[in-house]
Amino acid sequence: MSYRLIHAEKANYPVVLLCRVLHVARSSCYAWREGETARQAGRAADDALAHEITVLHIASRRTYGVPRIHAELRRLGYRVNRKRIARVMRERDIRGVTRRRHRSLTRPDAKAKPAPAKTRQRHQHALAA
C-alpha cells in the first residue's frame, strides 16, 4: 500500500522524504518497483494455467476438482504445485463436484413403542443368585 503511494507521489515529493515519512526503507521501495515485471509475468503464467485448467474442467463435465486437475496436468507434463492450482481455481471460481453425504436409510417409527428396559431384570437376577 505504501509503495503504491510512494510511486504515485514521487512526482510531487522526493522518494527519500516519502520513505522517511512512511517508515519504509528506500531500497525496499525500489525493489518493489523492479518486482512489478515479475508480478506481471506471474499473472500471465497464472492466466495460461487457468486456461489449461478450464479446458480440463470442461472436458470432465465440470466434475474434476483440484486433486484430479493436478493429476491430469502432471500426466500432460506440467509441473505445477497443487496449492497453486487450488489458488487459481479459487480465484476464478472453478469448482469440482463434491460427493454427497451418506444418508441413513433407516428412519425411526414414531408410532412404535420403545423396547422394554432389560437392565433392571438382569440386575435383579444377579442379586438373587
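The values are calculated or read from the model by the stated rules, or taken from the named source; none is laboratory data. All of these numbers come straight from a predicted model, not from anything done at the bench. Please note: Cβ atoms are built from the backbone with ideal geometry, for glycine as well, and neighbour counts cover all protein chains shown. Protein only, heavy atoms only, side chains kept; ligands, DNA and RNA dropped before computing areas. Shrake-Rupley method; radii C 1.70, N 1.55, O 1.52, S 1.80 Å.
Test ALA45 against the stated conditions and say whether it is open to solvent by less than 70 Å² (accessible area, probe 1.4 Å) and among the aliphatic types (A, V, I, L, M).
Yes, satisfied.
Contact map, the stretch 73-100: first residue surrounded by 10 or more Cβ atoms within 10 Å (Cβ to Cβ), second residue hydroxyl-bearing (Ser, Thr, Tyr) and assigned to a loop (DSSP other than H, G, I, E, B), Cβ cut-off under 7 Å, separation 6 or more or different chains; pairs are GLY96/THR63; GLY96/TYR64; VAL97/THR63.
Determine, yes or no, whether LEU5 is surrounded by fewer than 14 Cβ atoms within 10 Å (Cβ to Cβ) and in contact (Cβ under 8 Å) with a residue 12 or more places away in the chain.
Considered against the rule, which asks whether it is surrounded by fewer than 14 Cβ atoms within 10 Å (Cβ to Cβ) and in contact (Cβ under 8 Å) with a residue 12 or more places away in the chain, LEU5 comes out as yes.
Residues that are open to solvent by 50 Å² or more (accessible area, probe 1.4 Å) and hydrophobic (A, V, I, L, M, F, W, C) within the stretch 50-72 comprise VAL55, ILE58, ALA59, ALA71, listed in sequence order.
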